[in-house]
Every structure is written in C-alpha cells, then in structure tokens.
Amino acid sequence: QSAVWTENGGWENLPHLQDPVSCGSNLTTTYDLSGDGSTVVGLAWYDGCGACAFHWTAESGIRCLPGPPDSKSNRANVVSYDASVIAGWDTRVGGGARRATYWTAETPGDPFSAYTATLMGAPWYPPDPVNGPGEVLAMTNDGSAMGGDTHLGGETWIPGGFHWSVAEGFTFVEALTDTWGLWPQAMTPDGTVMVGITGTYQSPVRRAIIWTEDTGTELLEARVHALGADIGDFTYLGFATGITADGKTIIGFTPGEGAWVIT
C-alpha cells in the first residue's frame, strides 16, 4: 500500500481504490512525488484486476487518471515539480505493448484539476498502433523534456530509447547493440543529459549509461575512463538512477556490490 513519509508525521498510508483481490500483492504502488511532496502518482488496482495511473493529493484524494479512447491499463511513473505534467505508459484494449503517455493538467496548481491523456507517437517507428515509444521513465522538473524506452512487443522492435522535448520533439536514442534495451532513469533539468541502464532483457546484469545529443549513448564507466578516472573496487557500474542539475554528479548502484557516487 502506498504511503507518504514526512519528518514530523512519519508514515501515512494513502487510500486505495478497492479491497484486496488476487491480482497482485499491492493495492497501490508509488512511483513519484511532486516537488513539494503534495502530489503522489503511481499505479492502483481497481474494479477487480484493472490497473490505472493514480493521482493523489490530501485535498482531492486518490483517483484514476483518464486513458486514451482505446486504453486498457496505464501507470504514472513521473510527475513534474508543480504536478502540471504526469507521464508513464498505457496499454490498449486487446493487449499489446506499453505506449508512452503523458497527462497534462487543465488547471495547473489546482489539486482538483482534470488531466488530459496524450499518446506519444514518433516518426521513426513503423506506422502501426503497436510500435512506438514504450514508456516515459524520466522527466525534467518542469515536464518540458522526457526520456523513455521502446516497445517490447509488436511486429518490429527497435532497440533503444527516446528523448522528447517540447522545443525539439523526438530524438531516437540508439542502444549500444541491436539486442540490448535502454531505459533512461533520470535527466538534468534542462533535458540535455540522461542517465540510465542498458542490457538484455533476460540477463540480471544491467550497465549504467549516459546520453547527450552530441555524444549519443555511452557506457558510463567508459566516460569515466575517458576522463582519466576509474571505478574503484566495483566490477562494473550497474544502475545509474540520478543526476544533479549541473550534470556533474551521478548516483547509482551495482547489485551485490553497493551504491556509488561519481563526480
């Protein structure tokens, strides 16, 4: 069950949309918070085994965000600092792969505001309803740029990911090989640098990556070595999960070995 922690109040359980049913171990799962912590987004089960992107504030309570007309299930992965933009994925009725989706508030700043869902289509994917950007995994503080992966299903899978911004639209983010997936996890506030992970879908080993529009996708440890440093006692750099506003500090962890900080 989702909960919010504050320094003064400790943990507070959030409401859920239904009593427990046998469609998973969670009633709700939190994925992100707005800048002031007042808005929580994630996934909630409802109406049996339906899954929806949920939005919660103390004033408005918990609710499902709307999906596109052919929507079956969706999830909210990230929210902007002012909660005016929420992003994640959607699946269509009849099944199929996850589709990158974002929601915009009709009245920013109003906790009761209605949200409008938008599917993100990209010109470099085959023009069919299955293939396209897979899900939004990273977003700038103001929601003006986003990053994500490709679909895992459909007739054609293009390994890699995407970068999207209001100003420049889509940029395809190439994977390092034609069999590795790519999952951005965080980006700088100006949207020019993304960090994340890459690897095969079956392997438990995932490698940290860094991407910029000028340099493309690189293994993060290769960038570290190119700058004349090393990765200490770590066997490899695993999951890159965060980056500071100036792009100079990156955090992450290597499974079984611990957390690391790069400056």
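Among Asp47, Asp142, Asp149, the sequence by solvent-accessible area, most first, with a 1.4 Å probe is Asp47, Asp142, Asp149.
What does the C-alpha gyration tensor say about the overall shape of region 219-258? Classify as rounded when a/c is under 1.5, otherwise prolate if a/b is larger than b/c, or oblate. Note, shape of region 219-258 comes out oblate.
What does the C-alpha gyration tensor say about the overall shape of region 142-248? Classify as rounded when a/c is under 1.5, otherwise prolate if a/b is larger than b/c, or oblate.
oblate
Solvent-accessible surface of the chain, averaged per residue with a 1.4 angstrom probe and all protein chains in place: 47 square angstrom. Overall form of region 49-111: prolate. Here a/c, set by the Cα gyration tensor axes a ≥ b ≥ c, is 1.5 or more, and a/b is the larger of a/b and b/c. Charge dipole of region 1-112 (Cα centre as origin; +1 on each Lys and Arg Cβ, -1 on each Asp and Glu Cβ, all else neutral): 560 debye, rounded to the nearest 20. Using 1/(1 + (r/R0)^6) with R0 = 22 angstrom and r between the beta carbons of Glu106 and Ser144, what's the FRET efficiency to the nearest 0.05? Approximately 0.75, to the nearest 0.05. Magnitude of the charge dipole for the chain, about its Cα centre and with charges confined to Cβ atoms of Lys, Arg (+1) and Asp, Glu (-1), is about 540 debye.
Element breakdown for the chain at a 1.4 angstrom probe: carbon and sulfur atoms account for 53% of the accessible area. With q set to 0.14, 0.17, 0.21 Å⁻¹, the log10 of I(q)/I(0) for region 1-137, from the Debye formula over equal scatterers at the Cα positions, is -0.63, -0.90, -1.27.
The values are calculated or read from the model by the stated rules, or taken from the named source; none is laboratory data. On a predicted model such as this, the values are computed, not experimentally measured, just so you know. Reconstructed Cβ throughout: ideal geometry from the backbone, glycine too, with neighbour counts over all protein chains shown. Accessible surface is based on the protein model in full, side chains and every heavy atom, while ligands, DNA and RNA are left aside. Shrake-Rupley method; radii C 1.70, N 1.55, O 1.52, S 1.80 Å.
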